[in-house]
Amino acid sequence: MSEEAPVFALENIVKGFPGVMALKGVSFACKAGEVHALVGENGAGKSTLIKVLSGIYQADEGSIILEGVARRFGTPLAALEAGICVIHQEFSLLPDRSVAENIFLGREPTRYGFLDRRRMSAQTEEALKIFGTARKFTGESRVGDLDISEKQMVEIAKALSRDAKVIVMDEPTAALNDTECAVLFTLIDRLRAQGRAIVYITHRMPEIQRLADRVTVLKDGAVTAAFDHVPEPETIVHAMVGRDIDTFYPEAGSRRGPLRLSIKGGGNGRLKAIDLDLYGGEIVGLAGVQGAGRTALAMALFGADPFTEGTVTIDGSPASLRQPRDAIQAGIGLLPGDRKSEGLALSQSVMDNGMLAPRALSGPAAAPESTRYGDTSSMADRFTALDLRAARYSQVIGSLSGGNQQKAIVARWMALSPSVLLFVEPTRGIDVNTKAAIYAQMRTLADAGAAVLLVSSDLPEILGVSDRILVMQDGRITAEFPRGAGEVEVMAAATHGAHEKAAA
Amino acid sequence: MSSPSIPRGPLDGFISALARVNPVVWLLILLLIAIVIISPNFLQPFGYMNFIRRAAPIAILAAGQVFVLTSGGFDLSQGALVTLTVIASSILLGGNEEMVWAVIAAMLAGGVLVGVINGLVVSYLKVPSIIATLGMMISLGGIALTWSGGSPRGYLPESFRFFGRYIIKDVPLVTILPIAVIVMIVVCAAFWWAMHRTNLGKMVHALGDNPTSARLSGVPVVRVRVAAFVLSSVSAVIAGIMLGGFAGVSTDVGLGLELQSITAAVLGGTRLLGGFGTVGGAVAGALALQALFTLLNFLGLPKPLRDVAQGLILIFAVALAAHRRRRSGIN
Amino acid sequence: MMRLRLITFVPAILLGVAVAIYGAIALGTGQPQFLTFDSLLNLFGRSIALGITAVGQTFVILVASIDLSVANLISVAAVLASFIMNGDPAMMLPATLAVLAIGAAVGLANGLVITMLQVNPLIATLGMALILQGLLSASFTNFAGAVPEEFQVFAYGTVGGIPVSILFLLGLTVFAWAFLRFTRAGSNFYAVGGNEDAARLAGIATRRVRILAHVLCSVCAATAGLYLASRLRSGAPWIGRDGVYDLESIAVVVIGGTILAGGRGGVWGTLVGVMVFSLIDSIFNIAGVDAFAKQILRGVIIVAAVAIYVARSNRMAA
């Protein structure tokens, strides 16, 4: 193998899903002993690319070349055995088993048919050596007792014990603190020195500066820039952003209405010192990188993961939000980020899903067709107004597209005419036309007097829709921008390590 | 499904209506035809009324069980509660006719209490419902045995046995009408109303389908779950009052009834672990199960083979449902 | 090895509490004869069938399944054993082999229905329970046949003063422990129960693991049936159900620290659970608690035990 040949190369990978072209001919390669940063916004195609590399998806076109040989990985296991290890944000570990047992899961060394525990722990110690003094656990420690950074070490050790040639790390610092990040970076330096190829997925510019040898930027399923060096952060950000912000975003709000919700000193395990005022008629966008606390703030406000300190006032009266039902009764509605697991009752009808909250707040013995928040025919009108497409509204909602499902949840909350509406990732996995309809709906709700809070990882969306933009970092609100703020400055505020307070 | 090239006639509408009929109805019809072929007397009012009367307790139990199953749980304490109802009633009454209504009220109150405990243990202690209600089953069995001293004596006064036993004669059209059949129709209609014509029924469905989204939509999850267990326990008390009427006092009167009610509900299309269930289907399932038992009886097979048949159709019905869900792609 | 977590000690604490209460009541009621070695052996000797069944139940619960057909399988095994032997010592081996084979077949059927037809394990094994009980009751209505005296050694023999049955249960537990700890197949049980996706990703044939667990469980239940036939000198179609072995085996497994969600626990904990149960039983006996009141308390204790574990494991997850 020549010095220059990459360990692996993805060539012209094309991958489509019904209605979406996720990858439009992406090429990406990584040499031994280098860290190749893969950057791009949410939905740019990074995770699809990694799933193709690791055998979870099969590419429609293009080839995977590993050490000069074209390969096809039918299963994740095949890719794993070929030496490609992906360390996902969600670890695939057994919490009740020891570190050694996790590392050797499914391929434990045996002697005379019995587990060779001595060899297992010797090999585990060998694999754990790379962590040096940063490691506070042993091969016998129970994985469930380890913290997140230690679990990540176990995942890395698993990769090393398989002698992985390629290690893919998917936003490995999302849940780590500064000290833990420093440990991880040292470790990545060691892995590079060992000659492994490392694909490093991140949003954060300082990490790229610190670690990467090369940078590839993905946008809308295509490579928009590939650097054989590490350019200035501004250059990378410019290549990431600039997606078409076209006509489908709504007009700015005409005027700010009365104060509808106010949080003073709100905090819980994941949030600190939250001061937030939301006004009727206004859409406020909440930006930040993964783990910054955006979703946690929405869930605290909705009583699902309540504030443990601070006060909340809604329409001038203090509110105690201990559970979602309290929040709903106080006039808050939430469109959750994970539609299928948090928003919908998938095997119930479209109508039942729309009527769920109105019925839950009406008497249990009352007829389900007409509640105190409107009847089924007014709900049907709302569906029609939202252009919800279903053969019948009595159809099971699980068979509809994501966009139509989302419209049913929008209609559910509209029925309650809430004071405050929280949209968490409302357009994830939704086509462009439906997005436009949902944005228009948000504006309509705001114009009708509601305060709208938008939590999204899609920065262009935040910029296009919001009247005011707040940036979160480490559980705090750290910056505020008016409508019309540039993508680069907001991205910078969200990704820079230092807590900069931008001028509002 | 008719393709566009085929013109739609009135027959198509009829056929698609037939396709929507719960499959358990076809099973029931098939079994009834088989019974009639073997024993034409079944067509006499005495034959079919007696059949419905025998099916009534399982139908009522199944109508209650559907609420718990649809909410995502199991209620295994039904059978023991049936036994306890019969034994406690006979002891409390001690042959005293005047106390009948007071004792029935007390039994229903006891049923509510059992349901509340089941619901609260599952909701707050987070004990899986199968364990919580099994524990309840053992405890209720223990109460029944302790109270009766192990060998229940005594009898139930005639006015108590009225519900299970009395038959109105000389009724036009059907000649005879057992009170048990009337009770079954009234109770099942009430349960049907609660499941399919109230917000509660809709919330039970939403809770069993996805507890997280139900909670995030404002469904009072604990209250709905408790209500489901209460309805199931109340159905067991009613079934107990009826069985006391025609079977008399014994410690095994309720034995295995919880499994029969689950089997009936599953036959009627109720989805295990929640999200879908119909009272009508469960009642039809109970009738089908009773028809199967009757058929086996007419065929002269030993009574224990009922259990074999019940076990096989239970597994078959669940496997079929799992298969259909996999094929339709909805998990 | 050093797992200094409170939850690992719950079985030990429960055992300690049960022993303390037992001792206190024996002394407090002036019945110190209950504290002799022989009476303790006798105490545990009454739980052999439960112990054997529970070791098997541990396997299926470890893979996040459950078996509610064990009680009826015990009846089938006991009746068939005494029916086939019919007092003839020469038939001991064929009868034993036949019963174990039937156990394996029942476990295989359970496992196949659960993994291939994807029937909920509760329903699959409840259905199997009904089928077994129906077939048995249709064929036998009372004690059938008899086991030869030689076979009664299983229940009544002693080696050096220790009952054979207790030695057997200990041996079985050691064997099961060694299987779980020192073989790859045993290790796979924990993987499948703990995180099925991770197990599949690591190349483990998860269905085969589940099926094996069910076969082992049913073979254990069949063995418990053999033991009961030996103890009762004959088998009757109600002995399994009367012992409530399905529910009690699940209860002692859970009390012993194996979680119903699968992936954590082991057979030594189960053995501790069995001891706790037999101690509770004896405490009631010594204290003169009514036999039926015992049953009420038993239901409450089972639910409470599960609740304790759920509460503890929730705290860890948080």
Of the listed residues (B:Leu287, B:Leu243), the one being crowded, with 22+ Cβ neighbours inside 10 Å, touching a residue at least 24 places away in the same chain (Cβ under 8 Å) and in contact with a Pro (Cβ under 8 Å, 6 or more places away or on another chain) is B:Leu243
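Give the residues of region A:247-263 that are among the charged types (D, E, K, R) and over 20 Å from A:Ala450 (Cα atoms), sorted by residue number.
As a first pass, look at region A:247-263 and keep what is among the charged types (D, E, K, R): A:251, A:255-256, A:260.
None - no residue of region A:247-263 is among the charged types (D, E, K, R) and over 20 Å from A:Ala450 (Cα atoms), so the list stays empty.
What are the residues in region A:411-448 that are of a type in the set (Val, Ile, Thr) and within 21 Å of the chain's Cα centre (by Cα), if any? Can you show your working first?
Looking only at region A:411-448, we keep the residues that are of a type in the set (Val, Ile, Thr), and these are A:420, A:424, A:427, A:430, A:432, A:434, A:438, A:444.
Of everything in region A:411-448, those that are of a type in the set (Val, Ile, Thr) and within 21 Å of the chain's Cα centre (by Cα) turn out to be A:Val424, A:Thr427, A:Ile430, A:Val432, A:Thr434, A:Ile438.
So that you can scan it fast, the table gives a plain yes or no per residue for (1) free of Cβ contacts under 8 Å to residues at least 40 places away in the same chain; (2) within 21 Å of A:Val52 (Cβ to Cβ):
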site: A:Glu108; (1), (2): yes, no
site: A:Arg118; (1), (2): yes, no
site: A:Thr124; (1), (2): yes, no
site: A:Glu140; (1), (2): no, no
site: A:Val168; (1), (2): no, yes
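Listed here are the residues, each with its yes/no results for (1) outside any helix (DSSP H, G or I); (2) of a type in the set (A, V, I, L, M).
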{"position": "B:Ala56", "(1), (2)": "no, yes"}
{"position": "B:Ile60", "(1), (2)": "no, yes"}
{"position": "B:Gly73", "(1), (2)": "yes, no"}
{"position": "B:Gly79", "(1), (2)": "no, no"}
{"position": "B:Ser90", "(1), (2)": "no, no"}
{"position": "B:Trp101", "(1), (2)": "no, no"}
Reported set for region B:138-161 where residues are out of contact with any Phe, Trp or Tyr (no Cβ under 6 Å at 6 or more places or on another chain), facing chain C (nearest Cβ under 7 Å) and surrounded by fewer than 23 Cβ atoms within 10 Å (Cβ to Cβ) is B:Ile143, B:Gly150
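Taking the conditions exactly as written (more than 14 Å from chain B (Cβ to nearest Cβ) and farther than 30 Å from C:Gln33 by Cβ), does C:Gly265 satisfy them or not?
On the way: more than 14 Å from chain B (Cβ to nearest Cβ): yes; farther than 30 Å from C:Gln33 by Cβ: yes.
Here the answer is yes, as C:Gly265 does meet what is asked.
With A:Phe114, A:Phe131, A:Phe104 as the choices, which residue is touching a helix residue (DSSP H, G or I) at 6+ places or on another chain (Cβ under 6 Å), of a type in the set (A, V, I, L, M, F, W, C) and farther than 25 Å from A:Ser149 by Cα? Let's see the steps before the verdict.
Values: A:Phe131 fails: farther than 25 Å from A:Ser149 by Cα; A:Phe104 fails: farther than 25 Å from A:Ser149 by Cα.
That would be A:Phe114, the only listed residue that is touching a helix residue (DSSP H, G or I) at 6+ places or on another chain (Cβ under 6 Å), of a type in the set (A, V, I, L, M, F, W, C) and farther than 25 Å from A:Ser149 by Cα.
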Every listed condition ((1) at pLDDT 85 or above; (2) under 20 Å from B:Ala80 (Cβ atoms); (3) more than 24 Å from the chain's Cα centre (by Cα); (4) of a type outside the set (S, T, N, Q)) holds for B:Leu120 save (3)
Filter region A:294-318 for residues that are out of contact with any Asp or Glu (no Cβ under 7 Å at 6 or more places or on another chain), crowded, with 23+ Cβ neighbours inside 10 Å and of a type in the set (Gly, Ala, Ser); the one that is farthest from the other protein chains (Cβ to nearest Cβ) is A:Ala300
Exactly one of A:Glu67, A:Glu90, A:Glu150 is more than 19 Å from A:Met169 (Cβ to Cβ) and charged (D, E, K, R), and that one is A:Glu67
Those residues of region A:318-347 which are more than 21 Å from A:Arg372 (Cβ to Cβ) and polar (S, T, N, Q) amount to A:Ser320, A:Ser341, A:Ser347
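Using the structure shown, decide if A:Thr138 is within 23 Å of the chain's Cα centre (by Cα) and of a type in the set (S, T, N, Q). Quick ask: steps written out before the conclusion?
On the way: within 23 Å of the chain's Cα centre (by Cα): no; of a type in the set (S, T, N, Q): yes.
Criteria not met by A:Thr138.
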Check whether at least one residue in region A:451-459 is surrounded by fewer than 20 Cβ atoms within 10 Å (Cβ to Cβ) and over 21 Å from the mean Cα position of the chain (by Cα), and report yes or no.
no
With criteria (1) touching a Pro at 6+ places or on another chain (Cβ under 6 Å); (2) polar (S, T, N, Q); (3) surrounded by fewer than 16 Cβ atoms within 10 Å (Cβ to Cβ), C:Ser75 comes up short on (3)
Taking region C:92-129 and the residues there that are within 14 Å of chain B (Cβ to nearest Cβ) and in contact with a Leu (Cβ under 7 Å, 6 or more places away or on another chain), the one that is farthest from C:Ala222 (Cα to Cα) would be C:Asn120
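Name the residue, out of A:Pro426, A:Pro358, that is more than 8 Å from chain B (Cβ to nearest Cβ), touching a residue at least 24 places away in the same chain (Cβ under 8 Å), in a loop (DSSP other than H, G, I, E, B) and buried (at least 23 other Cβ atoms within 10 Å of the Cβ). Outline the logic, then answer.
On the way: A:Pro358 fails: in a loop (DSSP other than H, G, I, E, B).
Checking each option against the conditions leaves just A:Pro426.
Is it fair to say A:Ile201 is of a type outside the set (Gly, Ala, Ser), touching a Lys or Arg at 6+ places or on another chain (Cβ under 7 Å) and under 23 Å from A:Ala493 (Cβ atoms)?
Details: of a type outside the set (Gly, Ala, Ser): yes; touching a Lys or Arg at 6+ places or on another chain (Cβ under 7 Å): yes; under 23 Å from A:Ala493 (Cβ atoms): yes.
For A:Ile201, the condition - of a type outside the set (Gly, Ala, Ser), touching a Lys or Arg at 6+ places or on another chain (Cβ under 7 Å) and under 23 Å from A:Ala493 (Cβ atoms) - is met.
Only one of A:Glu155, A:Glu108, A:Glu126 is in contact with a Leu (Cβ under 6 Å, 6 or more places away or on another chain) and under 28 Å from C:Phe182 (Cα atoms). Can you tell me which? Can you show your working first?
On the way: A:Glu155 fails: in contact with a Leu (Cβ under 6 Å, 6 or more places away or on another chain); A:Glu126 fails: in contact with a Leu (Cβ under 6 Å, 6 or more places away or on another chain).
On inspection, the qualifying residue turns out to be A:Glu108.
Does region C:136-160 hold any residues that are in a helix (DSSP H, G or I), buried (at least 19 other Cβ atoms within 10 Å of the Cβ) and either touching a strand residue (DSSP E or B) at 6+ places or on another chain (Cβ under 9 Å) or within 14 Å of chain B (Cβ to nearest Cβ) (or both), and which are they? Give the steps one after another, and end with the answer.
Just the residues of region C:136-160 that are in a helix (DSSP H, G or I), to begin with: C:136-139, C:149-156.
With the extra rule that they be buried (at least 19 other Cβ atoms within 10 Å of the Cβ), the set shrinks to C:136-137, C:151, C:154-155.
Result: C:Leu136, C:Ser137, C:Ala155.
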Conditions (1) within 11 Å of chain B (Cβ to nearest Cβ); (2) in a helix (DSSP H, G or I); (3) closer than 27 Å to C:Ile102 by Cα -> C:Leu260 fails only (2)
Against the definition (over 23 Å from the mean Cα position of the chain (by Cα), free of Cβ contacts under 8 Å to residues at least 12 places away in the same chain and in a helix (DSSP H, G or I)), how does B:Ala109 come out, yes or no? no
Across region B:291-326, the tally of residues that are within 12 Å of chain C (Cβ to nearest Cβ) and in a helix (DSSP H, G or I) stands at 24
Counting only residues that are of a type in the set (Gly, Ala, Ser) and assigned to a strand (DSSP E or B), region A:463-491 contains a total of 1
Is it the case, given these coordinates, that C:Val276 is under 22 Å from B:Ile138 (Cβ atoms) and within 13 Å of chain B (Cβ to nearest Cβ)? no
So the helices (runs of 4 or more DSSP H) completely within region A:49-131 holding 2 or more residues that are away from every other protein chain (no Cβ under 13 Å) are A:117-128
Of the conditions (1) away from chain B (no Cβ under 14 Å); (2) in contact (Cβ under 8 Å) with a residue 60 or more places away in the chain, the single one that A:Ile332 does not satisfy is (1)
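Residues to consider are A:Ala29, A:Ala22; find the one that is assigned to a strand (DSSP E or B), within 19 Å of the chain's Cα centre (by Cα) and of a type outside the set (Ser, Thr, Tyr).
Values: A:Ala29 fails: within 19 Å of the chain's Cα centre (by Cα).
After applying the criteria, what remains is A:Ala22.
Could you list, in sequence order, all residues of region C:23-58 that are without any contact (Cβ under 8 Å) to a residue 12 or more places away in the chain and not in a loop (DSSP other than H, G, I, E, B)? If you could, list the steps in order and put the result at the bottom.
The first filter runs over region C:23-58 and keeps only residues without any contact (Cβ under 8 Å) to a residue 12 or more places away in the chain, leaving C:24, C:27-28, C:30, C:32-33, C:36-40, C:42.
Hits for region C:23-58 are C:Ala24, C:Leu27, C:Gly28, C:Pro32, C:Gln33, C:Phe37, C:Asp38, C:Ser39, C:Leu40, C:Asn42.
The values are calculated or read from the model by the stated rules, or taken from the named source; none is laboratory data. Computed from a predicted structure; not experimentally measured. Ideal geometry is used to build each Cβ from the backbone, glycine not excepted, and the neighbour counts take in all protein chains shown.
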